[in-house]
Structure formats: structure tokens, C-alpha cells
1. Out of Ala291, Ala264, Ala226, I need the residue that is touching a Lys or Arg at 6+ places or on another chain (Cβ under 7 Å), within 16 Å of the ligand (Cβ to nearest atom) and under 30 Å from Pro432 (Cβ atoms). Which one?
2. Quick one: which residue in Ile197, Ile189 is open to solvent by less than 50 Å² (accessible area, probe 1.4 Å), more than 12 Å from the ligand (Cβ to nearest atom) and either of a type in the set (Asp, Glu) or over 24 Å from Met311 (Cβ atoms) (or both)?
3. Could you list, in sequence order, all residues of the range 297-329 that are within 9 Å of the ligand (Cβ to nearest atom), in a strand (DSSP E or B) and in contact with a Ser or Thr (Cβ under 7 Å, 6 or more places away or on another chain)?
4. Of the residues Val116, Val124, which is without any contact (Cβ under 8 Å) to a residue 40 or more places away in the chain and assigned to a loop (DSSP other than H, G, I, E, B)?
5. When you look at Lys439, is it touching a strand residue (DSSP E or B) at 6+ places or on another chain (Cβ under 6 Å) and modelled with pLDDT of 95 or more, yes or no?
6. Please count how many residues of the range 256-291 are in contact (Cβ under 8 Å) with a residue 40 or more places away in the chain, in a loop (DSSP other than H, G, I, E, B) and farther than 25 Å from Gly83 by Cα.
Amino acid sequence: MIVSDVKVPVRHSEADLIRAIKKASKKKDLKVRSVRILKRSIDARKKPDLFYVMKLAVNEPEPAPVKQPASDITGRTVVIGAGPAGLFAALTIARAGKEVLLLERGKSVEERSADVERFFETGVLDPEDNVQFGEGGAGTFSDGKLNTLTVDKSGLNARVLSTFAAAGADESICYDARPHIGTDKLKEIVIRIRKDIEEAGGTVRFNAKVLEILVKESAVCGVKLADGEVIETERVVLAIGHSARDTFYMLRDLGVTMEAKPFAVGVRMEHPQKMITMDQYGTPDYEELGAAPYKVTAKTAGGRGVYSFCMCPGGYVVNASSEPGRLCINGMSYSGRDGRNANAAIVVQVTPEDYPGDDPLSGVEFQRALEKKAYDACMGRIPVQLYKDYDRNRVSTEFGGVTPAMKGAYGFADVNRILPEPLNEALKEAIPKFGRMIKGYDRPDALISAVEARTSSPVRILRDDSGQANIKGLYPCGEGAGYAGGITSAAMDGIRIAEHILYRENVE
Ligand SMILES: Cc1cc2nc3c(=O)[nH]c(=O)nc-3n(C[C@H](O)[C@H](O)[C@H](O)COP(=O)(O)OP(=O)(O)OC[C@H]3O[C@@H](n4cnc5c(N)ncnc54)[C@H](O)[C@@H]3O)c2cc1C
């Protein structure tokens, strides 16, 4: 039987759990032989007394694994980009026994890790292999949060999580309300998924940047790589991510239909993690739960949404740049989430009205302008400022009780000069509101760094119900194409597009 709303203290015994199951099932004589967690969330309303609220399968056998149906497609599918979308598309096609070639412009995660560490230490950027580009995609050097707002009636979410668990992630990601992996574990998992693709007959190539999509009579007939190699195919999955700006321009010039779309930009704020855990859990340390996450959101008088995004408990602010002379930041945590600071992007909604001109890629130019200002503000180091100084438009001179936990060099600068004034005003209106939601959030020595410019893609590549763009055989997919926001929803879209190809391509 499935029993919902089973509530137990976070620190509980087996006897406590069985009592709670009998209470929730209203069956006081129930014989509990086996328990499987289906869903688990934390109830902190009576903090510091914290509870798990769970949905359990009691005395239920494990569900039988779903067999992948056969497909009658022929020929090779080329997948561009080894981020979550590309990896899951290639894995799904390979496991259906069909030919698939996955092309990634960056390096394998092993080599990539060295390049990224070198970049953090020296500031020397490899524009083809960095925090955005390379095996595993943008999310590899991240907190590996797997929660998604995408409503999923098809079970794709559960398939993505169970695939990550089968590749080495802790099984709790399959049932926790806020599942996460951590960058240290994510790298190993990406390697496992690569091996699963290869063991299923797929091919994965690195340092294989696609420079052109070759088209004949409005249909794909191949791709051309940066080294001049031409690979023939009638099917290309475009899983290129939100930072492949050169590829976006190639696609626009090819006549691929796309449109500018809203996203969000802003800053990242850092606070002592203990302060956040104390506020969220009512106690500074709850080793069973680790560092507490938070979520804050507000609407300005002018109607703009300001909200926390990609919160990293016990994490680091990272220099996530991919273009020389431009700087953007993001956040990451290790699986232990044991860093001294909590950080989150605090971002403001922006729309095509904010972008220069009406080109479908005007959002890219909006990002580029912000990132150039951020780069110039501190000669390529991450610009940082104390909240009290940001509020008064002055450069900080010394830190207070919060010191940066960052991957990449940093320096003092006035963040006001990087963001457009309406965004500064929106942030200055919202942060005091967040201070009323979380005690100490607007403390004078909280840290602000910039610029968080790549929260999602500024463009959507249009696709029809079969998943194809206005060029036959071209399948826009994942975050870059505007159909996902985050690791899990990108991976879900990878499976979705792969199944369009495998099972609906030949259905006219
Ligand atoms: C530092 C950081 C932390 C993040 N933290 C989280 C998190 O905790 N949780 C979460 O859900 N999301 C997080 N995100 C966002 C998440 O990483 C993305 O939403 C997700 O990776 C999108 O997946 P994707 O496969 O669509 O694209 P991407 O992951 O961006 O992958 C695209 C791939 O395509 C390759 N590529 C691009 N152009 C070409 C070309 N022309 N030829 C060949 N290859 C090409 C790129 O090199 C890249 O590897 C984070 C992002 C960053 C940068």
C-alpha cells in the first residue's frame, strides 16, 4: 500500500517510523514488513523540532524496470553538446540500439577539470573548455541541484533521477524534495553516463566543435566541424546550452527561426551559512540535514520580479565566464555543502524590451554588455562589494564578518556601475524585504558580487510538435534552445527529443 503524510522527527527510530505509518494509514494492526520512500520533505514549521513528511510504499514489491521499446529509425543521429540534454538524448537513442554520435566542443571531464582549476587559479580562460563548455555541460561545476519546477506527468523526471542514481548518485535524489549531487560526485556520474552511452553502442567525441549545419532543400544533410571534417546525417539534436553564442549566430544566419525570450540577471549574495541554517532550522547545526537552503522572492512597486536563484548552501561563487574580456558568475557546492558561506543569485526579470534592438539574439548582446562591464570593473577579477556600500554607491575598502568564498580571483568594485539603473533600483527595493523574511539577510556586511547573467537562455529556437525546427531533421533541445532551465529539465528534454526521433519521426 502507498501511505502518504507519514510524519516523523528527523531524528527517529524504526519504532517511531512504524508508529507513524500506522497513524497515517489509520491501520493500527498493520504488519510493516518493508518500507520504500517515494517522497520526502522537511517540515520546519516547529523549528528547531524538524520533521520528515514522507510518502511511502509499505509492503510493496519494487516496480519492474521499464523496457525500452524498439524503434524502426535508420541512419545515424548526431547530437551536438554533452550537457544533460545531449547526454540523455544520446543515452536514450543508444539504448534503443540506434546509431548515435555525440559531439562536444570541449574536453572530457577529466581534462576539463584541470582547465577549470587553472582558470580559477590563474584567470587564463580556454574559450572552448571552461565552466560552460566541456563534457557534462554547464552544470558539471555546480551544486548539482536536481529539483525542477517543470510539471511532469510523463514520468521523465523520475527516469532522469533514477538514471543519475544508477550512475552513482545517492538514491535519496529519487525521493528528496530538494535533491542534489554536488560537483565532486557529478564529475564521476558524467563519466559513468558517457561509458553507458559507449557500452550501448554510441560514440562520444570531444574537441569536436560543430561550426556549420549543412542543409539541402530545407533538410539537414550533415555537420561540419571546426577542423573541416564533414559528417553526413539527416538528424541533428541541437543540445548546445545557453552559452554557445557563436553557434546561435551560425543558426540565425542559416535561417533557423528563433525569438528573443525573457530571463533574469543580477548579482550573487553571500551570507554566513550558520546564520541561514539558524534561520531556516532554528538551530545552527543539524548534521543529519547539513547546510540549510533558502528561497526568497519579491515584487517591486514597478512590477518586476526579484528572486533567489540557484542557491548554493555551504558553497562557492564561481567565475563562470566563457568569453575573453567578459565576466559572469554562478554558484557551486561540493556534495558535503560544508563551506562557510551560503550564496544565491538574486536576480531581476528582464524581457526583450530591455535588450538592444529587436534581433532574436539581442538578449545575447544584452548579456555581453553586462559581462564586459563586469570584466572591466575589476580587470577580469570578480567584482565584490559589501551590501551597505552597494546601497550607497561606493566602493568597499574592507570586509566585515563575511569574507568571500569564491572560485576565481576577486576585488572591490562598485556593482552599481555594472547593472542598468532599473535593476539596481529593483534589487535595492527587494533586499530589505528579504531581510524581513530571513533575519540578517540585509546585514551591512553581506557580500554582493556580479554579474549573474546566464540564469537561462536569452533565445528560443522554435520547434514544432515533432520537435523539429523549420529545417527538417534539426531538433532544438535543452536549455540553450529555450526548452529547459536546469540540469533535470534539460535531461528530461533530451529524453523527450530522443523519443520524438525514435518513435514519432516516421509517424506522419
Ligand atoms: C556554475 C553553474 C552552476 C549551475 N548549477 C546548477 C544546479 O545546481 N542545478 C541545476 O539544475 N542547474 C544548474 N546550472 C544550470 C545547468 O547547468 C543548465 O541548466 C544545464 O546544464 C543545461 O543543460 P543543457 O544540456 O541544455 O546545456 P549545457 O549544459 O550548457 O551543455 C551544452 C553543451 O554543448 C556544447 N556545445 C555548445 N556549442 C557546441 C558546438 N557548436 N559544437 C559542439 N558542442 C557544443 C557545450 O560545450 C556544452 O558542453 C548551473 C550552471 C552553471 C554554469
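The values are calculated or read from the model by the stated rules, or taken from the named source; none is laboratory data. As the structure is a prediction and not an experimental result, all values here were calculated from the model. Note that we place each Cβ from the backbone using ideal geometry, even for glycine, and neighbour counts take in every protein chain shown. Accessible surface is based on the protein model in full, side chains and every heavy atom, while ligands, DNA and RNA are left aside. Shrake-Rupley method; radii C 1.70, N 1.55, O 1.52, S 1.80 Å.
1. On inspection, the qualifying residue turns out to be Ala291.
2. Just a single option satisfies the conditions, and that option is Ile197.
3. Hits for the range 297-329 are Cys312, Ile329.
4. Step by step, each of Val116, Val124 is checked, and only Val124 is without any contact (Cβ under 8 Å) to a residue 40 or more places away in the chain and assigned to a loop (DSSP other than H, G, I, E, B).
5. No; evaluated as a whole, the condition is false for this residue.
6. 7
For (1) part of a loop (DSSP other than H, G, I, E, B); (2) outside the structural domain of Glu429 (by TED's automatic domain parsing); (3) of a type in the set (Phe, Trp, Tyr); (4) touching a helix residue (DSSP H, G or I) at 6+ places or on another chain (Cβ under 6 Å), each residue gets a yes or a no:
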{"residue": "Tyr375", "(1), (2), (3), (4)": "no, no, yes, no"}
{"residue": "Gly380", "(1), (2), (3), (4)": "yes, no, no, no"}
{"residue": "Lys388", "(1), (2), (3), (4)": "no, no, no, no"}
{"residue": "Asn393", "(1), (2), (3), (4)": "yes, no, no, yes"}
{"residue": "Ser396", "(1), (2), (3), (4)": "yes, no, no, yes"}
{"residue": "Gly400", "(1), (2), (3), (4)": "yes, no, no, no"}
{"residue": "Thr403", "(1), (2), (3), (4)": "yes, no, no, no"}
{"residue": "Gly411", "(1), (2), (3), (4)": "no, no, no, no"}
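A quick yes/no check of all residues on (1) under 24 Å from the mean Cα position of the chain (by Cα); (2) part of a helix (DSSP H, G or I):
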| position | (1), (2) |
| --- | --- |
| Gly435 | no, yes |
| Lys439 | no, no |
| Arg454 | yes, no |
| Arg463 | yes, no |
| Tyr475 | yes, no |
| Gly482 | yes, no |
| Gly494 | yes, yes |
| Ala498 | yes, yes |
